[in-house]
Amino acid sequence: MYIIAGLGNPGAEYENTRHNVGFHVIDCLAERIGTELTERKFTALCGRGLLCGEKVLLLKPQTYMNNSGQSLRAAADFYKVPPEEIIVISDDIDLAQGQLRIRLKGSAGGHNGLKSIISHLNSQEFMRVRVGIGGKPEGWDLADYVLGKLKGNDAEAMEQAYRTAAEAVEVLLSDGGERAMNLYNRKALS
């Protein structure tokens with residue numbers, strides 16, 4: 001079984017914010033496999049199904065971004081899933097809007113949700129799909145930017161990015177990490 005966790009913050013005030021990219025990608029994956037995230041377990045919303053012939057647990061931690069590791073650790077312990085069979089989807093301000101970056105392991109890169117996961121799993125050996133939200137505009141506070149609502153053209157562009165990130169997760173499962181990185185770790189087209 002694989003655990004696929006999308007990072008974000010629960011609650012209506014955080015819906016459609018840049019920081020909730022992971023939640024949106026999980027919604028795309030749930031739609032693809034015909035499941036709903038209605039089960040409340042591991043301080044998360046969960047859904048199960050088959051993706052590319054693999055059993056998957058889709059997870060939207062409800063612990064707020066900075067404590068995402070608590071939820072993921074509880075699910076991993078319960079199902080005895082090693083870090084190498086976990087995929088985490090998060091936003092990334094260092095990537096252009098809509099650009100993807102897939103890594104099979106690595107550091108948190110300054111992302112507090114990933115820091116929490118690394119701390120709770122005591123490992124950096126999990127796969128991650130980072131979805132670019134673009135850098136904050138000059139003079140903006142970082143928290144205001146990542147927690148800002150997506151509107152207009154930005155919202156439309158990110159809808160496509162969510163679908164592309166869901167495809168990348170499928171390629172990770174079906175064809176492996178090297179193939180996924182070769183296909184999706186490219187500069188965003190203008």
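Got a number for the accessible area of Leu58? Probe 1.4 Å, square angstrom, nearest 10. Result for Leu58: roughly 0 Å² accessible. What FRET efficiency would be calculated for the residue pair Tyr79, Glu39, taking the C-beta separation as r and a Förster radius of 22 Å, to the nearest 0.05? According to the calculation, E is roughly 0.95.
Calculate for the chain the 222 nm mean residue ellipticity that helices alone would give, adding -39,500 (n - 2.57) per DSSP H run of length 4 or more and normalising by residue count, nearest 500 deg cm²/dmol. Mean residue ellipticity at 222 nm (helix-derived): -12000 deg cm²/dmol.
Among beta bridges identified by DSSP and lying wholly in region 38-190, the antiparallel ones come to about 70 percent. Of the residues Pro137, Pro83, Pro61, the one that moves most in a GNM of the chain with alpha-carbon contacts below 10 Å is Pro137. With a Förster radius of 22 Å applied to the beta-carbon distance between Arg48 and Arg163, the computed FRET efficiency rounds to 0.55.
Look at [x] 9, 38, 38, 14, 1; [y] 9, 32, 31, 18, 8, 2, 0; [z] 10, 42, 38, 10, 1: the one that is P(r) over Cα pairs in 10 Å bins from 0, in percent derived from this structure is [z]. With a simple spin-label model that places each label point 7 Å from the Cα along the Cα-to-Cβ direction, the separation between Lys149 and Leu183 comes to 3.5 nm.
Among the listed pairs Lys41/Lys80; Lys60/Lys115; Lys41/Lys105, those with a Cα-Cα distance over 19 Å are Lys41/Lys105.
Entry comment: accessible area of region 1-127 is 43 Å² per residue, from protein heavy atoms only and a probe of 1.4 Å.
Roughly how many percent of the accessible protein surface of region 55-190 is carbon and sulfur, given a 1.4 Å probe and a whole-percent answer? Its accessible area is 46 percent carbon and sulfur atoms. For a modelled paramagnetic label at Ser123, 7 Å from Cα along Cα-to-Cβ, the residues of region 59-76 in reach, with backbone nitrogen under 11 Å, are 76. Spatial offset of region 72-116 relative to region 1-70 amounts to 12 Å, using the alpha carbon center of each. The GluC sites (Glu not before Pro) found in region 40-145 that occupy coil by DSSP, while having at most 16 further C-beta atoms within 10 Å, are Glu125, Glu138.
Distance between the 7 Å Cα→Cβ label points at Asn66 and Glu156: 3.7 nm.
Please work out whether region 104-190 counts as rounded, prolate or oblate from its C-alpha gyration tensor, where a ≥ b ≥ c are the square roots of the eigenvalues and a/c under 1.5 means rounded, while otherwise a/b larger than b/c means prolate and anything else oblate? It is oblate, given that a/c is not under 1.5 and a/b is not larger than b/c.
The values are calculated or read from the model by the stated rules, or taken from the named source; none is laboratory data. Quantities reported herein were computed from a predicted structural model and do not represent experimental measurements. In this analysis, Cβ positions are derived from the backbone assuming ideal geometry, glycine residues included, and neighbour counts consider all displayed protein chains. Calculation scope for accessible area: heavy atoms of the full protein, side chains included, ligands and nucleic acids excluded. Shrake-Rupley method; radii C 1.70, N 1.55, O 1.52, S 1.80 Å.
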